[in-house]
Structures are given as structure tokens and as C-alpha cells.
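Note sheet for the following structure.
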């Protein structure tokens, strides 16, 4: 009798775990129940932070070109523009991904196990509270938040999906940096401490990752979007000229990425390539 009760209890525990897994709102929103629509005869791109701005424009332009698009964001249910994009293109897959959550990264990597990802695009990034990035009022919590999203997350996402990239045709990991991460460009500027530091750190991380992966034929490259008219640019307080649209930036970046090779990086000394083809100084 005790054995029967024990077995029934274990079965009940398993049932409860499965119920939680498949009925949890977070899991449901993550889209982990439905199978991804991936035509493995086509090239595939995974883009983080694709619910707005440059990420959304990248998702749309890759979808237009017929790529399988895995478009990730923190809150898919609130991503109206991304949902509309999926309704327009059946090659778009929306997935929940908070890039600072190791659990969500792992779950998504498990879902797409053995599916080739030609371009892994680390696009997600934040500016952080600008008032906390002024000397004399520096905030440790803002520093940690900015570095978690802009530096650690691209490394963790890249590590989680490295097998997917390695079995693809193009084998590219792309990370979005900024001219604000250049010491030469911003040497005389005294704002956005943490954001600028995070982009400089990202540059170093991706150069190091390229050194680790190039023997496997994998390219880890840095690109910069230009002065794009996005929410992040508005938050920065920039009111100057020469702004471009997210679509203009995305179209140019995709062309650059398509032509990227290890030889390109060697020629450029691994420096970031701006959307207009200019090489950014360190």
C-alpha cells in the first residue's frame, strides 16, 4: 500500500510539473508549446530586441528577403508591431527572451536545438538612466543593469546558440556596438559613462570571441547602426542633424553582414563597421 501511495505521489508531482510548464503564462508567452516554423532550406537569423527600432527593422527586412526570422523580445504580447509583422510574413517566429535571464536563454536554445542559425544578431541594448551616469551621481545599480544587457547578455546568448551557428552555412555572430564606445570619437565627452563603457567592453568581448571561434569558421563581428531615430536616441537627448530611419540603417547593415568574412575582419583589424561602411576607430 505504501509503495502504491508513493508511486501515485510521484506521478502527481510529475503531473503538477508538466501542468506548470505548459500552463504558466510566461511559458505560454514564450511560445514554447508551438513548434517553430523553420524551413531549413532557407537561411535563418535570430535577432534579440526585435520589438521596435532597429531590431524590428532588421526583422522586417530579413523577412522580406525570405529568411527564417526568429524575432525575440521581453514581452511578445505587447509587441504589436512585431505581431503585425508575423501576420504579414509566415517566416517570422516570435519568441520571448529576456537576454538577462539565463533560464530563458537556455529554454530558447533547447527549443531550437539542431536548427542552423546563419546569423545570430545581438541587437538588444539599453542606454540606462542618463542621470545615473554623470560623475558625482553615479549609480551602481544602473551600471550593473547596463552591463548585464549590453555586455554579458551578448556573450551568454552567443554561447547558448554556438552549436546552431556552427552547423549553419554563414556562421556569423553579429553584435551591435556604437560610436560612443570609441575612445577616439568620444575622448572629450563626459556623459553616458556606463553606456559608453559597456560598448567599449562589448567591443573587446566580441574581438576575443572571434579569436576563440575563427578556427571553427565562425565570424564574430561588430557593426554600428549610425544615428538612428529611435527611442534610445530620444532618451539620449540628441537633437542634432544627420538622423536616419531604422529601415535605412537595417538595409545597409544587412548588406554589410552578407559580405562579411574573416578576411574582412583581418583587413579592418576587427574594428566595428558603421552602417555606411566606415570603419570606426577604437
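No lab work stands behind these numbers, since they all come straight from the coordinates. Since the structure is predicted, the reported quantities are computational estimates derived from the model, not experimental observations. Heads up, the Cβs are rebuilt from the backbone with ideal geometry, glycines too, and the neighbour counts pull from every protein chain shown.
Here are a few things to note about the model shown:
- Whole-number D in µm² s⁻¹ for the range 39-274, Kirkwood Cα-pair radius fed into Stokes-Einstein, 37 °C, 0.692 mPa s: 183
- DSSP bridge orientation in the chain - percent antiparallel, rounded to nearest 5: 5
- Per-residue ellipticity at 222 nm computed for the chain from its helices equals -13500 deg cm²/dmol, with DSSP H segments shorter than 4 residues left out and the rest contributing -39,500 (n - 2.57).
- Applying 0.36 nm per residue to the separation of residue 183 and residue 251 and subtracting their alpha-carbon distance, the gain on full extension is 21.8 nm.
- Relative contact order of the chain, taken over Cα pairs closer than 8 Å and 6 or more residues apart, is 16 percent.
- Separation in nanometres of the label points that stand 7 Å from Cα toward Cβ, at residue 261 and residue 244: 2.4
- Principal-axis analysis of the Cα atoms of the chain puts helix 193-213 at an angle of about 70° to the longest axis.
- Diffusion coefficient, µm² s⁻¹, Stokes-Einstein with Kirkwood Rh over alpha-carbon pairs of the range 149-280 at 37 °C and 0.692 mPa s: 212
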